[in-house]
Every structure is written in C-alpha cells, then in structure tokens.
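First comes the structure, then the notes that go with it.
The values are calculated or read from the model by the stated rules, or taken from the named source; none is laboratory data. Note that the structure is a prediction, hence the values are computed from the model and not measured. Here the Cβ positions follow ideal geometry from the backbone for every residue, glycine too, while neighbour counts run over all protein chains shown. Quick note on the areas: whole protein, heavy atoms, side chains included, nothing else; ligands and nucleic acids left out. Shrake-Rupley method; radii C 1.70, N 1.55, O 1.52, S 1.80 Å.
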Amino acid sequence: MIPAVMPTYARIELAFERGEGAYLFTSEGDRYLDFASGIAVTCLGHSHPHLVEALVEQGRRLWHTSNLYRIPEGERLAERLVEQTFADTVFFSNSGAEAMECGIKLVRKYHDDTGNPQRYKIIACNGAFHGRTLTTISAAGNEKYLKGFAPVVPGFAQVAFGNLNELRAAIDDETAAILVEPVQGEGGIRPAALDYLRALREVCDEFGLLLFFDEVQCGMGRTGKLFAHEWAGITPDVMAVAKGIGGGFPLGACLATEKAAVGMTAGAHGSTYGGNPLAMAVGNAVLDVLEGPGFLEGVDSVARTLWKELEALVRRHPKVLAEVRGAGLMLGLRCEAPNAEVMTALRDRGLLTVGAAENVVRLLPPLIINEGHVKEAVAIIEAACESLEKGA
C-alpha cells in the first residue's frame, strides 16, 4: 500500500525536533553538526534570532495578500538586491525551479520582443541541475531525471561544462542564451574556471545572446561573495536565486537587467504566493545579516581554513578520499570509497552531509560556522576515514 506521503524520497531514518545554530537535535537528544544545511538552504543556521524575530513580527501583522496589491517589504528587498547586484529588476517566486522557469520565459520573451522570435534555444551544460519541473529537467538533460517523463521539452542543448570550443560550435541562428551554474552542485561540486565565465560573457556579447546564471545553490554568500560570479568580475543578464535567500523559508528570485526584462510586462508572468509578506520579511532579514560588516569576509576566511584542513585529510586518507573541490563553503570531497558509505560513517558520528554526482560528498555548512565547528567536523571526518580504512 502506498504511504500517505508520496514515496518520492529515499529518506534517512532520522527526524529532528529542533535546531540551534549549526546543530540539529533529535527528540532523543542526539546532536548533529549540520554540514548539509537543508541542501545549502539554512545559510544562517537554525532558528537564527534575527530571522525568527522578523518572521514572528510579520506573522502577527499580515501573512498574504497576493500580488494584486503592492507589497512594500517586497519592494524594499528588490531595491536592496538591485543595489547589490548587476540587476535592475527582480521577480519573486517560492523556489529555485520557479526562479529558473521565470528566467527561461524571460529569455524567450526578450528575443520575441526584440524581433528575433526564432531565437528560443538555450545552451546548458552536462552535469547541470536546474530543478525538477519538466522544463528544468529538460534544460539539464540528465537522463537520471528525464527517465519516464518523455517527451523532453524542446529548446535546450547541452555541451561539456567548461569547454568553450564545444559551446561556440553549438551556437546557431536559434540560440537565445547560455545557461550555466558558476559552481555545479548536484553535478559534483564543480566550479567553473573564472576565465571560462569571463569568456561566456564575451561570447554572449559577440552573438547577441543572454548570459543566464543559475546561482540557486552557489549564491547568497556561499562562496564568500554575495554571488559566485563576482569572483570573475563579470555580470550576467539573468540570474536565478533561491535556497539561502530565505534562510529556510521558501523563497526564490529571478534577477535581470532592464534590457533583458524588456518583455516582462503586466501579465507576462505571475505567482500567487511569490513575494508574499512573510517571505519578504524573512528575505530582508537574511540580507541584513549577509550585508553586515565583515560577514562575507568571515565566510571567506573560515572557508579557507576548512579547505586546508580537508586537503590535509585527503593526504592522510588516500584510500577513502581523493580530492577537495568547490569554492567558499560549497565544498565537495570526491571519494575513493563509495560516497554513500562515507556519508553514513559521518552521520553515525554526528556530521550531516549531502551526496552529489561523481562520488562526491557535499559539505554545505551554514555560513555562520567558526573554526571550532571546523575542528569538530574535521575530527569526525578523520574518525570516519579511520573506521572505513579498518573495514576495507
């Protein structure tokens, strides 16, 4: 008999009662250091007091009105994001997949409104993950997620991640945009070379294409800058954001330049819940913290410490660990042992992680961790490696 909750998840036999900072607690009182962060979502840890205060205060006043009316807190958050980024305008959604859908529609509408309706195809990259809707799984082209959901939504092509020659060869008269994650998450924590990102900007300018970044996982401070593409010193035309932007509250956003958003006029797109007062209050609270003096510099500093410690672990345990990957606090350990076994050994010792492609264990701690948390995590990883080596 099918369970009441549709069985689409291979859930771990763990349930948590509460969270505090970088830790989760079960009802039995067991404590876990959370280096999964709800898959890079709880960027400020659990029950951050500033976020709780913002949510409770807004909840007492007003939850939802729909977008039939102005939402002042949403206007304020949009203005802050515009001030901090390349963008001139923002559309708020409830998730990363919805932010991606908005961006895909925006790309097609741009070319249609500027006299090139034949331009509708988007070039994406192998190993990408852009969400679970029919359109976003078609954009990524990963057979693992496409199987059983044919026919594939047309309008997408995939090329090798990081291969500029292959990308240029794929451009034709129907190409509208290039879509890239500056750091691939689900694909195995693979950061794009900064020169590759810079070259993408040049290619888009050369061919009249829009540059579309998916920063759903790597954005909102995770790499030590507000957005990962900032390390390359270039800007996209369109960007999808989610996960950390709400710190655990469902929130996504599609950011765009005025030029790219020319077709996004009244009626072109919409959302019943997107950008409601509750979400906007929390989004502003998250940004309050991320914009605080020295916060992102602190993320970068602790990330560099963690990276060095992980590299040392790889050297000490080559039978279990192969390499460290990633950027900032979006890190991956490519494993020699099966990554599922490594994650189980870590979890048994109180450290939560996330799997990824290419036999990678993702480390996605909240951005509030300090060197004490790093030492604790490294000690657990060390013990897990020693245990796996003994069992080999």
Quick check: anything in segment 67-80 under 29 Å from PHE161 (Cα atoms) and either touching a residue at least 12 places away in the same chain (Cβ under 8 Å) or surrounded by 22 or more Cβ atoms within 10 Å (Cβ to Cβ) (or both)? no
Among the candidates VAL216, VAL203, single out the residue that is open to solvent by 10 Å² or more (accessible area, probe 1.4 Å) and either under 20 Å from GLN158 (Cβ atoms) or outside any helix (DSSP H, G or I) (or both). VAL216
Within segment 368-392, track down each residue that is assigned to a helix (DSSP H, G or I), of a type outside the set (A, V, I, L, M, F, W, C) and under 26 Å from the mean Cα position of the chain (by Cα). GLU371, GLY372, HIS373, LYS375, GLU376
From the option list VAL320, VAL314, single residue qualifying as farther than 22 Å from GLY224 by Cα, without any contact (Cβ under 8 Å) to a residue 40 or more places away in the chain and not hydroxyl-bearing (Ser, Thr, Tyr) is VAL314
Just one listed residue, out of ALA337, ALA327, is in contact (Cβ under 8 Å) with a residue 12 or more places away in the chain and open to solvent by 20 Å² or more (accessible area, probe 1.4 Å), and it is ALA327
Of the residues GLY188, GLY221, GLY244, which is in a loop (DSSP other than H, G, I, E, B), in contact (Cβ under 8 Å) with a residue 60 or more places away in the chain, out of contact with any Phe, Trp or Tyr (no Cβ under 8 Å at 6 or more places or on another chain) and buried (at least 18 other Cβ atoms within 10 Å of the Cβ)? GLY188
Condition first: of a type outside the set (A, V, I, L, M), under 22 Å from ALA253 (Cα atoms), in contact with a helix residue (DSSP H, G or I) (Cβ under 6 Å, 6 or more places away or on another chain) and surrounded by 20 or more Cβ atoms within 10 Å (Cβ to Cβ). Can you find one or more residues in segment 17-39 that meet it? no
Could you please find all residues in segment 166-185 being in a helix (DSSP H, G or I), open to solvent by 50 Å² or more (accessible area, probe 1.4 Å) and touching a residue at least 12 places away in the same chain (Cβ under 8 Å)? ARG168
Filter segment 96-145 down to residues that are open to solvent by 50 Å² or more (accessible area, probe 1.4 Å), in a loop (DSSP other than H, G, I, E, B) and closer than 23 Å to GLY248 by Cβ, then give me how many there are. 2
In segment 14-31, is there at least one residue being free of Cβ contacts under 8 Å to residues at least 60 places away in the same chain, closer than 25 Å to ARG132 by Cα, of a type in the set (Gly, Ala, Ser) and out of contact with any Lys or Arg (no Cβ under 9 Å at 6 or more places or on another chain)? yes
